[in-house]
1. Limited to the range 84-95, what total is found for residues that are modelled with pLDDT of 75 or more and surrounded by fewer than 10 Cβ atoms within 10 Å (Cβ to Cβ)?
2. Just need a number here: residues in the range 49-66 that are more than 12 Å from residue 4 (Cα to Cα) and either touching a helix residue (DSSP H, G or I) at 6+ places or on another chain (Cβ under 6 Å) or at pLDDT below 85 (or both).
3. Can you report the number of residues in the range 6-48 which are more than 15 Å from residue 70 (Cβ to Cβ), modelled with pLDDT under 90 and in contact with a strand residue (DSSP E or B) (Cβ under 6 Å, 6 or more places away or on another chain)?
4. Give all pairs with beta carbons closer than 6 Å in which a residue from the range 20-33 that is over 9 Å from residue 54 (Cα atoms) meets a residue that is surrounded by 16 or more Cβ atoms within 10 Å (Cβ to Cβ); count only pairs at least 6 apart in sequence or on separate chains.
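The values are calculated or read from the model by the stated rules, or taken from the named source; none is laboratory data. Fair warning: this is a prediction, and the values are worked out from it, not measured in the lab. In this analysis, Cβ positions are derived from the backbone assuming ideal geometry, glycine residues included, and neighbour counts consider all displayed protein chains.
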């Protein structure tokens, strides 16, 4: 059996909540990157940082379906436009933000 990542959480409380929900359903899991994420919270979302919930590959479908039903889907929507298409990025005015970052680095 291989171990795969089910989801990534960005704080200790959320990760343990997911772990306990899965344990109540009889799905074994464990957490990784707890120390790094707690010590360096500014790196969450970069290069795979964050507390990762790991499960066995054969439990992935059941765990994914269970978490989708348990977690409120409105949390993952944009508060302004109610869109489901949310991702990390520069957003609007990308050129302006890149120039400001370069000027800040030079200063």
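1. 2
2. So the answer is 3.
3. 4
4. Matching pairs, first to second residue: 22/29; 22/63; 25/66; 27/59; 27/63; 33/51; 33/52.
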